[in-house]
Every structure is written in C-alpha cells, then in structure tokens.
Amino acid sequence: MKKFWKNKWFKFSIAAIAYVLWVIWLDSYFWLLGLPVIYDIYISKKVHWAFWKQKGVKKQKKVIEWVDALIFAVIAASFIRMFFIEAFTIPTSSMEKTMRVGDYLFVSKFHYGPRKPMTPLSFPFVHHTMPLSSKTKSYLDWVQWDYERMPGLQEVERNDIVVFNFPEGDTVIVEHQNQSYYQILRSEANAMMRTDRTKGIIKHYSFYEDRARDLIHDNFTIHVRPVDKRENYIKRCVAMPGDDIKIVNGQMYVNGQEQKHFEDMQYKYYIYTNGERINPKILQNMDVSNEDMQVSQLNPGKYILPLTNAMVNKLRNFQIVDSVVRVVHNGDGSDYIFPHDPAYPWTEDNFGPLHIPSEGQTINLTLKELPKYERIIDLYEGNDLSVKDSTIYINGEPAKSYTFKQNYYWMMGDSRHNSQDSRYWGFVPEDHIVGKPLFIWLSIDKDESLLQKIRWDRLFTLI
C-alpha cells in the first residue's frame with residue numbers, strides 16, 4: 001500500500017485532477033496549458049523546475065531543505081489567501097457590540113465567490129503597503145485585469161456581515177490614511193468657500209474644490225489604489241440592489257418596512273444623573289470601552305455613551321440616573337453626509353429616500369438626481385461624465401438616462417453613531433465585495449492587561 005501511495009502515476013493523477021478542477025472553477029481554460037508542466041514534474045522530469053535544488057541528489061543540504069519548505073509554504077498560503085480564506089482584524093468600533101475592536105477573524109472568499117486577481121504583481125501576505133513602511137506600495141500597477149468573480153456558495157444577502165474594499169479608498173493621503181481623501185477635500189473646499197462668503201466673495205464650489213485639491217497635493221503624498229488594494233472594511237449589508245431606503249430619527253426603513261433591531265446594535269445616548277458620577281468600573285463591566293466614555297467637563301452628571309437596548313435598560317435602573325435619551329442628529333449634514341450636495345441636507349439619523357441601483361436598471365438622469373449617482377457613473381463604471389450648460393454628457397453624448405453595469409449595496413455599522421459607512425460615502429459596488437467573515441479565532445481587549453486582555457468567551461465563535 002505504501003508503494004502505491006508513492007507511485008508517480010498516482011501522484012500525477014491526484015495533482016492533475018485537482019488542477020483541472022481549479023481551472024474549471026476559474027473558468028479560464030487557457031490554464032490547461034499547465035498540465036504538461038505537471039506531467040513533467042511527476043513523470044517525464046525533463047526540466048529541472050526546482051532550480052534551487054541540486055539535481056539528482058536525494059539528501060539536500062539543510063539550507064536547501066529550508067528554502068524548499070519556505071517556497072512551498074509561500075505558494076500554498078498565497079493560493080489559500082487568494083481563493084479561499086484570509087485573516088482580518090477589527091480596527092474600529094463601528095460594528096460594536098456585534099464585532100469588537102481587537103477581534104481577529106477568518107474571512108471566507110469562497111462564500112460569495114473569490115475575485116480573480118485584479119492586481120497580480122504584488123508582494124505576498126501584505127495588502128497595499130510594504131512591511132516597516134508607510135509609503136512604499138506593495139504592488140505594481142503595470143498590469144491590471146478586469147473584474148471577474150468565480151462561482152461561490154451564495155449571493156450577498158440582506159443583513160449579512162460583509163468585508164469589502166473601501167469605495168472612497170481609490171485616492172489616499174498617505175499621511176492621513178485613516179481619513180477619507182474626499183472628505184478632507186470637501187472640508188477644505190467648504191472652509192475656503194465660507195471664508196470668502198464672509199467677505200462677500202461668491203464663487204462656484206468647483207473653484208474651491210480645485211484650490212483644495214492643489215493644496216492637498218502640494219503638501220501631502222497621494223497614492224491612487226486599484227480596487228483590490230483599497231482598505232478593507234467590515235459592515236452589515238442593510239440594503240440590496242433594487243431596494244429603497246430611508247432613515248427617520250435613527251430608524252431605518254427598507255422598502256417601507258422597519259429594519260429589524262439587531263441584538264447588539266447600539267446608538268449614542270445622553271445619560272443624565274443627579275450630579276453624581278457613574279463608577280467607571282461599572283461602565284467597563286458593561287463593555288463600554290475607555291475611548292467611548294464621554295463625560296461633560298461642564299456638567300459631571302452628563303454622559304454620552306454608545307449603548308445597546310440591554311445596556312439602556314440596565315442604566316435606567318440605576319438610582320443616580322435621572323434619564324437616558326437617544327441622540328438624534330438633525331439639521332444640514334450635506335458637508336459630510338452622502339451625496340454631499342446642498343439639495344440633500346440629510347444627516348446620519350434622517351436620511352433619504354434613496355434607491356439602491358441594480359445591474360441592468362435604467363434611471364432617468366436629471367441634474368437633481370445626478371449627485372446620487374455621479375460617482376457610480378464616473379468612477380465605478382468608468383465613464384467620462386461632465387455637465388455643460390445644464391446638460392449632462394456621458395462619453396461626449398448628451399444623456400437623459402443611464403443603465404447601471406453592476407449591482408450596488410448599502411453597508412452600515414451596527415454602532416449607528418460611531419460608524420463611517422454608506423451614509424457618509426455612498427454605495428458599495430459589487431466588484432468591491434471581498435468575502436464573508438466566518439469565525440473569531442482571537443479577541444484582544446486593549447483596555448485590559450496581561451492575560452485579562454484575551455476575551456476567552458469570544459475565541460472560535462461563529463459570526
């Protein structure tokens with residue numbers, strides 16, 4: 001039996017079958033040209049493919065054995081990371097308490113179907129920046145392949161937790177990578193415009209946008225990243241292609257129906273006490289992190305805390321607590337809330353109505369509707385979009401309608417007042433979807449010390 005397992009024809013058969021199945025899954029039959037290579041490796045052995053080894057020597061030097069093992073490990077791990085599963089870390093509290101800061105996850109790429117490599121020339125095991133560097137790219141963008149997705153186990157479903165590439169991450173200020181380039185640009189442009197208006201100077205917004213862009217590019221390092229090298233985000237998919245959404249006083253509606261309240265969803269609340277301070281240990285035991293504890297300096301009996309329903313009910317039973325009131329943002333949020341236009345003064349708590357585009361859908365395109373879908377038409381779907389004399393032009397032709405080329409999704413964090421999500425930067429294109437988180441393999445609480453840092457109850461929990 002042992003002899004059978006070592007038979008070269010048996011090894012070749014297993015390798016060839018596995019390779020052909022992968023080619024079928026890839027749906028790129030050009031790769032069948034690799035079969036002669038597999039045949040030569042196992043049967044004919046005409047070419048010395050393992051050039052780092054000494055040919056005809058059974059017992060290799062220790063160094064060569066280590067090099068051989070390292071090469072195999074890098075190739076195997078890169079293949080698994082590219083097509084099957086990848087490690088991911090929760091860096092922010094936007095998904096609290098569903099996902100905790102310090103959670104380490106494994107993300108499945110085969111559930112929604114892995115994307116074929118879009119930027120194939122890259123350093124293994126890193127995302128967009130070389131180790132020990134903040135500015136050196138880990139990839140070469142000389143070769144860019146079109147988006148294609150291999151067959152998966154399922155489609156993205158409403159309320160799935162999804163990992164995706166940050167849509168506004170196509171342009172990055174290297175010195176401020178944790179902030180959106182476009183939000184910084186808008187903030188600078190709006191500040192310039194307001195300053196001029198106090199002086200009685202009125203100019204079109206595009207003038208200030210150009211000035212702000214020049215200022216940013218003159219003072220910072222700017223990187224332009226391809227889709228698959230943009231920052232990874234994790235949020236909940238709350239609306240699907242073809243859905244209509246609206247948020248009223250923090251309550252989201254999808255196609256006219258109230259979105260269900262997830263068990264660990266949280267909002268910010270004002271907590272008013274009788275003047276006494278709440279013991280910080282009590283808040284820590286309720287899983288309120290140190291960075292989330294906001295106490296008024298002028299009024300020591302006023303707190304602003306992100307809380308789940310269960311935490312709200314618990315606090316309301318405290319004798320020193322007079323009231324717990326949910327924060328609701330009103331006013332004009334057009335500077336920072338999508339679609340960033342004065343015609344849509346929406347906020348994170350009062351938003352919409354908005355339609356989520358689906359592949360093949362055609363919409364009437366007007367100047368009022370354009371801000372909602374401008375980024376899709378221009379950047380995500382690669383058209384030349386312009387407006388001249390109140391007429392919309394797409395690829396040089398006047399356009400009164402537009403047909404979408406792919407599906408779009410609406411992603412939001414479960415911590416509704418502490419999440420930079422679709423309310424701030426808009427739609428997530430289908431080609432930005434990375435995968436579905438499977439389980440937490442490690443969870444670290446940065447507010448604790450030594451062994452208490454590990455959240456043992458979260459280890460190996462399914463998502």
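Summary of values
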item	result
Anchor Lys235: lysines whose Cα lies under 25 Å away (excluding residues fewer than 8 positions away in-chain)	Lys97, Lys109, Lys116, Lys246, Lys260, Lys268, Lys372, Lys405, Lys436, Lys446, Lys453
Amide H partners (placed H, <5 Å) of Val434, local residues excluded	Val163, Phe164, Asn165
Loop-located GluC sites (Glu not before Pro) in the stretch 381-463, at most 15 other Cβ atoms within 10 Å (DSSP)	Glu448
Modelled FRET efficiency - R0 45 Å, Tyr270 with Asp384, Cβ distances, 0.05 increments	0.40
Where the stretch 318-463 is the region considered: accessible area per residue in Å², 1.4 Å probe	47
12 Å beta-carbon shell around Leu307, net charge (K/R +1, D/E -1)	+2
Using distinct alpha-carbon pairs, which all enter the 1/r mean, Kirkwood radius of the stretch 270-332 in Å	12.2
The chain: relative contact order as a whole-number percent, Cα under 8 Å and 6+ apart	18
The stretch 296-345 - convex hull of alpha carbons, volume per residue in Å³	114
Projected-area average for the stretch 364-419 over all orientations - Cα convex hull basis, square nanometres	5.0
Principal axes of the stretch 1-93: Cα extent on each, largest first, Å	56, 36, 30
Cα-based helix-to-principal-axis angle, 8-26 vs the chain, degrees rounded to 10	30
Angstrom value of the Kirkwood radius, inverse mean 1/r, which spans all Cα pairs in the stretch 1-157	19.3
The stretch 233-333 - percent relative contact order, Cα under 8 Å, separation 6 or more	30
Whole-Hz ³J(HN,Hα) from phi, Karplus 6.51 cos²θ - 1.76 cosθ + 1.60, for the stretch 261-278, glycine and proline x	8, 5, 3, 9, 5, 9, 10, 7, 10, 7, 10, 10, 9, 7, x, 7, 8, 7
With Cα atoms, 0 to 90° folded angle of helix 205-219 axis to the chain main axis	50
For the stretch 372-463, projected area of the alpha-carbon convex hull averaged over all directions, nm²	9.2
Angle in degrees between helix 62-83 and the longest Cα principal axis of the chain, rounded to the nearest 10	50
Scattering profile of the stretch 146-264 at q = 0.18, 0.22 Å⁻¹ [log10 I(q)/I(0), Debye over alpha-carbon scatterers]	-1.04, -1.15
Inverse of mean 1/r across different Cα pairs in the chain, Kirkwood, Å	25.9
Local net charge near Asp218, Cβ-Cβ under 14 Å (Lys/Arg +1, Asp/Glu -1)	-2
Gyration tensor (Cα) of the stretch 225-264, equivalent ellipsoid semi-axes in angstrom	26, 14, 9
Dimensions in Å of the stretch 251-370 - Rg and Dmax from alpha carbons	19.2, 59
Against the rule of thumb 2.2 N^0.38 Å, how large the Cα Rg of the stretch 77-206 comes out	1.40
Whole-Å semi-axes of the ellipsoid equivalent to the stretch 316-431 (Cα gyration tensor, √5λ, descending)	36, 16, 10
Accessible surface of the chain [probe 1.4 Å, protein heavy atoms]: carbon and sulfur percent	57
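The values are calculated or read from the model by the stated rules, or taken from the named source; none is laboratory data. Keep in mind that this is a model prediction, so the values were computed, not measured. Every residue, glycine as well, gets a Cβ built from its backbone with ideal geometry; the counts of neighbours run over all protein chains shown. Heavy atoms of the whole protein, side chains included, go into the accessibility calculation; ligands, DNA and RNA do not. Shrake-Rupley method; radii C 1.70, N 1.55, O 1.52, S 1.80 Å.
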